[in-house]
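> Sharing a structure with you now.
Please treat every number below as a calculation from the coordinates, not as lab data. A quick note: this is a predicted structure, and the numbers were derived from the prediction, not measured. Cβ sites come from the backbone with ideal geometry, for glycine too, and all protein chains shown count toward neighbours.
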Amino acid sequence: MAIQRMDNVLIVVDDLDAVISFFVELGMELEGKAPIEGRWVERVIGIDDVRQDIAMLRTPDGHGRIELAMFHTPKAISAEPKDAPANTLGIRRIMFAVDDIEDVVARLRTHGAELVGELAQYEDSYRLCYVRGPEGIIVGLAEQLS
């Protein structure tokens, strides 16, 4: 077998605490935070003089994780445009299955989140939406109906 599982997705951020709060409100659990630096990380990511803080969050079922990284040195580079639309090349969103989509959207709004489009229904199967959270991070939400 080539892989065992998908371990995590990395998101580079400027405000680590705000993004942690957003994902915790979504229902993820903070596994921990730590400073990361040294030759080993420089060798892995191919950047010299790295000093960063990271946080690891996991989904309640324990199968999915997000790693957040805030770089102190070198400073993170901003992608353009800042609030890229859904058809921009690259990773655009992370999708989460939720029990009550309207409740989740309301709770995330308290952390500055806004709907990208609107809450829509796909046939009799799902209610779906994209939400833009702190630092332009887009999460998709899917509530299964049947």
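> Considering only the range 94-144, what is the antiparallel percent among its DSSP beta bridges, to the nearest 5?
Details: 12 of 16 bridges.
Restricted to the range 94-144, the bridges split so that about 75 percent are antiparallel.
> Further question: In nm, give the distance between the simple-model label positions of Gln4 and Ala79, each being 7 Å from the Cα along the Cα-to-Cβ direction.
Simple spin-label model gives 2.9 nm for this pair.
> Sticking with this one: Based on the Kirkwood radius over alpha-carbon pairs, what is the Stokes-Einstein translational diffusion coefficient of the range 94-144 at 37 °C with 0.692 mPa s viscosity, in µm²/s?
304
> What number comes out for the charge environment of Leu57, summing +1 per Lys or Arg and -1 per Asp or Glu over other residues with Cβ under 9 Å away? Before the final figure, lay out each step's value.
Working: positive: Arg58, Arg65; negative: Glu29, Glu31, Glu67.
Within the 9 Å Cβ shell, the charges total -1.
> Pull out the extension gain between Thr88 and Glu42, defined as 0.36 nm times the separation in residues minus the alpha carbon to alpha carbon distance; nm, one decimal.
Numbers: separation 46, 0.36 × 46 = 16.56 nm, distance 2.88 nm.
The Thr88-Glu42 span can extend by a further 13.7 nm.
> Identify which of Met56, Met70, Met95 has the largest mean-square fluctuation in a Gaussian network model of the chain, with springs joining Cα atoms closer than 10 Å.
For the chain, modelled as a Gaussian network with Cα springs under 10 Å, the answer is Met95.
> I need to check one value: relative contact order of the range 9-73, counting alpha carbon pairs closer than 8 Å and at least 6 residues apart, in percent. If you can, show how the numbers build up before the last one.
Numbers: 116 pairs, mean separation 27.4, N = 65.
In percent, rounded to a whole number, it is 42.
> Further question on the same structure: Taking 2.2 N^0.38 Å as the expected size of a compact globular protein, what ratio does the Cα radius of gyration of the range 9-73 give against it, to two decimals? Walk me through the numbers before you get to the answer.
Details: Rg = 12.4 Å, N = 65, 2.2 N^0.38 = 10.7 Å.
Taking N as the residue count of the range 9-73, the ratio is 1.15.
> I'd like to know which of Val131, Val24, Ser78 lies farthest towards the positive end of the charge dipole of the chain, counting +1 on Cβ of Lys and Arg and -1 on Cβ of Asp and Glu.
Ranked along the dipole, the leading option is Ser78.
> While we're here: Note down, for the range 1-138, the three equivalent ellipsoid semi-axes (square root of 5 times each alpha carbon gyration tensor eigenvalue), biggest first, whole angstrom. Each step should come with its number before you reach the end.
Details: eigenvalues 158, 61, 48 Å².
That gives 28, 18, 15 Å for the three semi-axes.
> Right, next: Using +1 on the beta carbon of Lys and Arg, -1 on that of Asp and Glu, and nothing else charged, what's the dipole of the chain about the Cα centre, debye to 20? Before the final figure, lay out each step's value.
Details: 15 positive and 26 negative charges, 90 e Å.
Taking the Cα centre of the chain as origin, the dipole is about 440 debye.
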